[in-house]
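J.: This structure is in structure tokens; I'll ask about it shortly.
Read-outs throughout are calculated quantities, based only on the coordinates presented, and are distinct from any laboratory measurement. Nothing here was measured: the structure is a model prediction, and the numbers come from that model. Cβ placement follows ideal geometry from the backbone for every residue including glycine, while neighbour counts extend to all protein chains displayed.
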Amino acid sequence: MKSILIIGSGRFGRHLCRNLAELGNQIMLVDQVEEEMEEMLPYVVSAKIGDCTNPSVLESLGVDNFDLCFVCIGSNFQSSLEITSLLKEMGARHVVSQASRDIQSKFLLRNGADEVIYPDKDIAEKMAVRYSANHVFDYIEVTDEFSIYEIPPLPEWVGKSIRELDIRNRHHVSVLGIKNGSRSNLMPMPDYVIRSDEHLMIIGQKSDVDEVLEKMPKN
């Protein structure tokens, strides 16, 4: 459980707040508009109204007490930049700021952000991979080189164990988990026998995963 400050209750800020709360974190939410925060009250420990470009407002929050500070302001980059800089000046431990363009990311990182996130860009990239490639049910980018893909098993994998298939050495990808409906088996044992009605969560480089996908039956 972490103590988290979220500044900005726009669409992304609200989604982030809900998800972090459901994972058991303690959240303080701050926004200038009271109406924007009303629906979030069940998810937060504290909600405050204030303009965080005002140093006195930030000082009153005790930003150095939070494990994480999120700046979720997508509509006013100047405010986002000012708040990011002020947070770091006041001793914030880790600042994550929202950006929509690369140039914004550069300025945010130079002015105190420890990380920059692109919510719209990240979702667009994930959807592009999922919907442009056949047989990809989900996709998570881990690094610039490696990603996690949820795929069906190749027909020749069905009825055989992970050890027998030697997937890592033959295909240069690793099986992280098995999904069957709502159930997941993370880090399956080498003697796990793959079934036709399951999805595999594999991690690997795009070029190696593409080679696996090319072996899938054509629709």
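J.: Just to be sure I follow the rule: in the range 100-219, considering lysines 8 or more places apart or on different chains, how many pairs have Cα atoms under 20 Å apart?
T.: Number of lysine pairs found: 8.
J.: Which angle between 0 and 90 degrees, to the nearest 10, do you get for helix 11-22 versus the longest principal axis of the chain when only C-alpha atoms count?
T.: Taking the Cα atoms of the chain, the angle to 11-22 is about 70 degrees.
J.: Grab the Cα-Cα distance for Asp191 and Val142, subtract it from 0.36 nm times how many residues apart they are, and report the gain in nm with one decimal.
T.: Computed gain between Asp191 and Val142 is 15.0 nm.
J.: For Glu198, what is the net charge nearby, where nearby means another residue's Cβ is under 12 Å from its Cβ and Lys, Arg count +1, Asp, Glu -1?
T.: Around Glu198, the charge tally is +1.
J.: Which value at 222 nm does the chain reach when only helices count, each DSSP H run of 4 or more adding -39,500 (n - 2.57), with the total divided by all residues and rounded to the nearest 500 deg cm²/dmol?
T.: Numbers: 9 runs with 77 residues, N = 219.
Here the helix-only value at 222 nm equals -9500 deg cm²/dmol.
J.: Compute the acute angle (0 to 90°) between the alpha-carbon long axis of helix 119-132 and the principal axis of greatest extent of the alpha-carbon atoms of the chain; round to the nearest 10°.
T.: Rounded to the nearest ten degrees, it is 20.
J.: How big is the chain by Rg and Dmax over its Cα atoms, in Å?
T.: 21.6, 65
J.: A further question on this structure: Taking the Cα atoms only, what angle lies between the long axis of helix 77-89 and the longest principal axis of the chain, rounded to 10 degrees?
T.: 80
J.: To continue, here is another question. Roughly how many Å is it from the Cα centre of the range 110-158 to that of the range 1-31, as a whole number?
T.: 23
J.: Here's another thing I want to ask about it. Rounded to the nearest 5, what is the percent of antiparallel bridges among the DSSP beta bridges in the chain?
T.: 50
J.: Setting aside same-chain residues fewer than 8 positions from Lys2, which lysines have a Cα under 21 Å from its Cα?
T.: Lys48, Lys88
J.: Assuming 0.36 nm per residue, please report the length gained on full extension of the stretch Ser75 to Arg11 beyond their Cα-Cα distance.
T.: Separation in residues times 0.36 nm, less the Cα-Cα distance, equals 22.0 nm.
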